[in-house]
Amino acid sequence: MADAASEFEIIQKIPYADIPGFPTTGVKGHRGQLSLIKDANKSGLLFEGRFHYYEGLTMQQVTAPVLLAYLCGVRYLLLTNASGGLNPSFEIGDIMLVEDQINLMGDSPLRGPNDDSLGPRFPDMTEAFSKSLIKKLIRIAKEENLPLHRGVYVGVHGPSFETPAEYRFLRIIGADAVGMSTVPEVIMARYLNLEVSCLCVITDLGVEGRTVQVSHDDVLKESSKKAKLIARLYKRLLHEIF
Ligand code: HPA
């Protein structure tokens, strides 16, 4: 998410275009750079701008940052995204901590021959989102006086937003928020045995009677308002997990 980087000391910035084999992203509002960050003797990688399946990339290309992070020794994947709210108790601008996900993207980054040196052919997904990270984030949010919803994220293909009937369907199958990202990265991360957490900014509502027309600009505007807040939560989490 743009602006999250300002919370951390940046050691080095690397444009995605300078990383061999990385796709270049063309989506407005998604910056496309990797920063090596440092905070109180802890170091990490901050990816600003992700790759989306709807751009026409393969799932393997979409998840290239996760594989790169793993190969650099990263053990935790802390994700953010912009999502449409499906739960009627949600408001635009709310934040949801993801407890589980549904893959409706019709593909997986693990499709194809498996490299057994990286992970298993049939990875377990019973704890896609780390229970221990969820517990810590709930406590940190309470201490920061930040209301936090919890729920299920459903990943769809896009790039069109949902029709009212599709929003209704997604709610019926058990989702609280919908978006066009995250699911591939989580599958890849669990395959590589990384611990995962995800915070969603609710940028629009797909709730019957309260659904309004949504544009990409609305989504960017709402999500950038919350970027710093999320970065602060994750910064505190990082202090606790190392
Ligand atoms: N649907 C799908 N993806 C989204 C939405 C939505 O309503 N909002 C932000 N990303």
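I'm trying to understand the selection: among the residues of segment 72-97, which are within 30 Å of I19 (Cα to Cα) and open to solvent by 30 Å² or more (accessible area, probe 1.4 Å)?
Restricting attention to segment 72-97, the residues satisfying the condition of being within 30 Å of I19 (Cα to Cα) are 72-83.
Selection gives C72, G73, V74, R75, Y76, L78, A82.
Would you mention how many residues in segment 34-60 are open to solvent by less than 40 Å² (accessible area, probe 1.4 Å), in contact (Cβ under 8 Å) with a residue 60 or more places away in the chain and within 12 Å of the chain's Cα centre (by Cα)? Step through it out loud before you land on a result.
So in segment 34-60, the residues open to solvent by less than 40 Å² (accessible area, probe 1.4 Å) come out as 34-35, 37, 39, 44, 46, 48-49, 51-52, 57, 59.
Remaining after also requiring in contact (Cβ under 8 Å) with a residue 60 or more places away in the chain: 39, 44, 52, 59.
Right, trim to within 12 Å of the chain's Cα centre (by Cα) and you get 52.
So the count comes out to 1.
Considering only segment 43-63, I want to know if a residue exists there that is within 15 Å of M105 (Cβ to Cβ), of a type in the set (G, A, S) and either in contact with a strand residue (DSSP E or B) (Cβ under 8 Å, 6 or more places away or on another chain) or away from the ligand (no atom under 16 Å from the Cβ) (or both). Break it down stepwise before answering.
First, pick out the residues of segment 43-63 that are within 15 Å of M105 (Cβ to Cβ): 50-63.
When the remaining residues are screened for being of a type in the set (G, A, S), the result is 56.
With either in contact with a strand residue (DSSP E or B) (Cβ under 8 Å, 6 or more places away or on another chain) or away from the ligand (no atom under 16 Å from the Cβ) (or both) added as a condition, the list becomes 56.
Yes: one or more hits.
Return the residue satisfying two criteria in turn: it lies in segment 83-113 and is touching a helix residue (DSSP H, G or I) at 6+ places or on another chain (Cβ under 7 Å) and modelled with pLDDT under 95, and of such residues it is nearest to the ligand (Cβ to nearest atom).
Here the answer is I92.
Within segment 182-199, does at least one residue satisfy the condition of being in contact with a Phe, Trp or Tyr (Cβ under 8 Å, 6 or more places away or on another chain), within 25 Å of Y70 (Cα to Cα), within 16 Å of the ligand (Cβ to nearest atom) and among the polar types (S, T, N, Q)?
yes
Where the second residue is aromatic (F, W, Y) and within 9 Å of the ligand (Cβ to nearest atom) and the first is over 19 Å from V74 (Cα atoms) and lies in segment 190-216, which pairs have Cβ atoms under 7 Å and are six or more apart or on separate chains?
Taking only residues 6 or more apart or on different chains, the pairs are G206/Y167; T211/Y167; V214/F161.
Could you tell me how many of the residues in segment 138-170 are open to solvent by 70 Å² or more (accessible area, probe 1.4 Å), out of contact with any strand residue (DSSP E or B) (no Cβ under 9 Å at 6 or more places or on another chain) and within 14 Å of the ligand (Cβ to nearest atom)?
6
Only one residue in E195, E166 is more than 20 Å from L46 (Cβ to Cβ) and modelled with pLDDT of 95 or more. Which one? Even if it seems obvious, please write down each step before you answer.
Working: E195 fails: more than 20 Å from L46 (Cβ to Cβ).
Unique residue meeting the criteria: E166.
When you check V186 against the structure, is it assigned to a helix (DSSP H, G or I), touching a Cys at 6+ places or on another chain (Cβ under 8 Å) and open to solvent by less than 30 Å² (accessible area, probe 1.4 Å), yes or no?
Numbers: assigned to a helix (DSSP H, G or I): yes; touching a Cys at 6+ places or on another chain (Cβ under 8 Å): yes; open to solvent by less than 30 Å² (accessible area, probe 1.4 Å): yes.
Considered against the rule, which asks whether it is assigned to a helix (DSSP H, G or I), touching a Cys at 6+ places or on another chain (Cβ under 8 Å) and open to solvent by less than 30 Å² (accessible area, probe 1.4 Å), V186 comes out as yes.
Scanning segment 223-242 for residues that are within 23 Å of G84 (Cβ to Cβ) and open to solvent by 30 Å² or more (accessible area, probe 1.4 Å), which turns out farthest from the ligand (Cβ to nearest atom)? It would help to see each step written out before you state the result.
Applying the first criterion (within 23 Å of G84 (Cβ to Cβ)) to segment 223-242 yields 223-231, 233-234.
If we keep only those that are open to solvent by 30 Å² or more (accessible area, probe 1.4 Å) as well, we get 224-226, 228-229.
On the way: S224: 13, K225: 14, K226: 13, K228: 19, L229: 17 Å.
By that ranking, first place goes to K228.
Out of segment 200-217, which residues are near the ligand (Cβ under 8 Å from one of its atoms), assigned to a loop (DSSP other than H, G, I, E, B) and not small (G, A, S)?
V214
Note down all Cβ pairs under 6 Å where the first residue falls in segment 144-164 and is within 20 Å of E208 (Cα to Cα), the second is among the charged types (D, E, K, R) and open to solvent by less than 30 Å² (accessible area, probe 1.4 Å), and they're at least six residues apart or on different chains.
G151/D176; V152/D176
The values are calculated or read from the model by the stated rules, or taken from the named source; none is laboratory data. Worth saying up front: this structure is predicted, and the values here are computed from it rather than measured. Don't worry about glycine lacking a Cβ; one is built from the backbone with ideal geometry, like all the others, and counts go over all protein chains shown. Protein only, heavy atoms only, side chains kept; ligands, DNA and RNA dropped before computing areas. Shrake-Rupley method; radii C 1.70, N 1.55, O 1.52, S 1.80 Å.
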